[in-house]
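One structure is given here, and the rest of the page talks about it.
The values are calculated or read from the model by the stated rules, or taken from the named source; none is laboratory data. The structure presented is a predicted model; accordingly, all values stated were derived computationally and were not measured. Don't worry about glycine lacking a Cβ; one is built from the backbone with ideal geometry, like all the others, and counts go over all protein chains shown.
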Amino acid sequence: MSPRMKVHFTTLGCPKNQVDSELMQGMLSQAGHELTDAAGSAECLIVNTCAFIDRAREESVNTILELARVKETGRARALIVTGCLTQRYGGEILTEIPEVNAILGTSELHRIVELVNQAEGRQDSVTNAPPGYLYDARTPRLLSGRVPYAYVKIAEGCDMGCTFCAIPQFRGAHRSRPLQDVVAEVEGLARQGIQEAILVSQDTLAYGREIPGNGDIGDLLLALSDTRMPWIRPMYLHPAHVNDRLVDKWRRARVVPYLDMPVQHGDDEVLRAMRRAVTARRMKDVVTQFRAAIPGLAIRTTVLVGFPGETDAAFDNLLGFVEDVGFDRLGVFTYSLEEGTPAAGLPGQITPEVMAERAQQVQELQDRLAWPRQKALFGTRQTVLVDGPSADSAFPFEGRTAGQAPEIDGVVYLRDPHISPGRFADVRIVEVDGYELVGE
């Protein structure tokens with residue numbers, strides 16, 4: 001049997017990457033390895049990377065180099081790099097960073113124990129297999145956060161083919177987990193005391209369509225409504241998949257009144273060039289339909305500015321779209337040229353300066369539009385899930401309403417020092433500061 005090693009994990013990127021890290025940590029813990037938060041005391045360093053856009057790749061490379069320095073000066077005998085960056089650029093990593101002992105792509109997470117057991121050797125081959133791995137409810141998983149919510153990956157990969165996106169290159173085609181397997185995982189999390197299951201994938205509304213007799217995302221939500229999980233929050237909803245049947249199932253399901261629907265743009269020519277398979281008018285209708293079906297619905301979106309060929313008129317259409325819809329939350333990204341994507345070869349590339357200016361305009365518009373809705377929360381009573389100790393030392397705890405997803409939508413700072421973390425609390429909103437609230 002291989003000797004037990006002390007292993008340190010660094011996770012970068014999205015919640016889907018966090019799930020992958022928790023699965024690898026669960027496998028390693030089950031195999032007898034010890035996990036540590038201190039990189040300097042670890043014998044094996046693992047970084048789970050992101051390669052979504054240029055800034056994410058830069059952060060991933062810098063983190064690898066930082067851990068390589070830790071390896072040189074600390075106790076670590078091995079550095080293993082996993083995730084999207086290795087799935088896409090594994091050969092270059094091994095060539096350019098000799099301190100890396102092994103790489104592991106997104107397709108073979110289950111081999112992490114094998115790599116750690118052989119950590120001092122140099123593994124050149126454990127990568128680039130076609131993405132195909134899907135975990136199930138029986139896979140060991142070690143929840144990394146001391147929080148009452150957990151991400152549940154219901155599917156992997158994407159078939160939509162957006163021209164700006166490289167994700168299918170390293171996450172592969174869309175493939176779903178069986179409905180009953182997702183239900184079993186959520187039930188298991190509820191038994192552990194988790195209060196909120198956040199459903200994630202690259203294309204959540206495409207869930208189940210490729211599995212005969214499985215049911216779609218609406219059927220999954222209805223099935224999860226019968227579990228003991230108090231809050232269920234689906235994320236990453238592509239508007240092109242919405243139909244009347246789905247909205248009706250959503251209305252009947254026991255999910256939080258929250259919709260995370262990335263629209264990406266509000267100009268039809270840009271949407272067509274992006275291959276979003278939906279028009280601005282249709283997206284407005286989808287939002288109207290969901291709002292009519294679900295009282296008190298909070299809607300979050302993301303938009304992408306600076307896509308090649310985005311004229312001043314197209315950008316004005318985006319601003320008009322944002323104003324017409326009136327989102328509760330909005331995140332804005334600037335276009336990142338991704339190698340191997342159709343958009344990389346399009347004419348009319350936008351300068352970084354123009355992209356940054358447009359991003360600022362969108363965010364300023366959104367903040368102005370959202371403020372009246374935020375201000376209206378003052379004096380109301382809200383049910384808050386208490387996540388734990390507050391990052392702001394002025395408050396003992398912080399939590400979130402049903403209209404706030406973790407890490408992206410702001411928080412409710414809580415004044416009561418006797419409140420119970422990991423539980424729900426009924427509070428009155430006594431301060432509103434932008435997207436942040438104070439409750440007592």
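Let's see how each residue does on (1) in contact with a helix residue (DSSP H, G or I) (Cβ under 6 Å, 6 or more places away or on another chain); (2) surrounded by fewer than 21 Cβ atoms within 10 Å (Cβ to Cβ):
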residue	(1), (2)
L179	yes, no
V183	yes, yes
E187	no, yes
S201	no, no
R209	no, yes
R254	no, yes
Y258	no, no
A273	no, no
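Could you tell me which numbered condition R233 fails, if it satisfies all but one of (1) part of a helix (DSSP H, G or I); (2) of a type in the set (D, E, K, R); (3) within 21 Å of the chain's Cα centre (by Cα)?
Here R233 clears every test but (1).
Go over the candidates C44, C50 one by one and state the one that is touching a Gly at 6+ places or on another chain (Cβ under 6 Å), surrounded by 20 or more Cβ atoms within 10 Å (Cβ to Cβ) and not acidic (D, E).
After applying the criteria, what remains is C50.
Given the structure, is T288 outside any strand (DSSP E or B), closer than 29 Å to L224 by Cα and not assigned by TED's automatic domain parsing to the domain that holds Y149?
In short, yes.
Which numbered condition in (1) hydroxyl-bearing (S, T, Y); (2) at pLDDT below 95; (3) closer than 21 Å to A240 by Cβ is the only one that S336 fails?
Failing condition for S336: (3).
Restricted to region 130-173, and to residues that are in a loop (DSSP other than H, G, I, E, B), hydroxyl-bearing (S, T, Y) and over 17 Å from E338 (Cβ atoms), which residue is modelled with the highest pLDDT?
Selected residue: T139.
Residue check: is I211 part of a loop (DSSP other than H, G, I, E, B), under 28 Å from M274 (Cα atoms) and either touching a strand residue (DSSP E or B) at 6+ places or on another chain (Cβ under 6 Å) or free of Cβ contacts under 8 Å to residues at least 12 places away in the same chain (or both)?
yes
To keep it simple, each residue is scored yes or no on (1) at pLDDT 95 or above; (2) closer than 30 Å to V325 by Cα; (3) surrounded by 17 or more Cβ atoms within 10 Å (Cβ to Cβ).
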position: W371; (1), (2), (3): yes, yes, no
position: R381; (1), (2), (3): yes, yes, no
position: V384; (1), (2), (3): yes, yes, yes
position: A391; (1), (2), (3): no, no, no
position: Q404; (1), (2), (3): yes, yes, yes
position: R415; (1), (2), (3): yes, no, no
position: R428; (1), (2), (3): yes, yes, no
position: G434; (1), (2), (3): no, yes, no
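Could you grab me the full set of residues in region 294-308 that are without any contact (Cβ under 8 Å) to a residue 60 or more places away in the chain and either in contact with a Ser or Thr (Cβ under 8 Å, 6 or more places away or on another chain) or surrounded by 15 or more Cβ atoms within 10 Å (Cβ to Cβ) (or both)?
I294, L297, I299, T301, T302, V303, V305, G306, P308
Quick one: in region 309-335, of everything that is among the β-branched types (V, I, T) and farther than 21 Å from D285 by Cβ, which residue is surrounded by the fewest Cβ atoms within 10 Å (Cβ to Cβ)?
Only one residue tops the list, namely T311.
Take T279 and tell me if it is in contact with a helix residue (DSSP H, G or I) (Cβ under 7 Å, 6 or more places away or on another chain), surrounded by fewer than 19 Cβ atoms within 10 Å (Cβ to Cβ) and modelled with pLDDT of 95 or more.
yes
Show me the helices (runs of 4 or more DSSP H) found entirely inside region 14-120 where at least 2 residues are closer than 22 Å to H174 by Cβ.
Filter on region 14-120 gives 15-30, 84-96.
Which of the residues belonging to region 44-98 are basic (K, R) and in contact with a strand residue (DSSP E or B) (Cβ under 6 Å, 6 or more places away or on another chain)?
Selection gives K71 alone.
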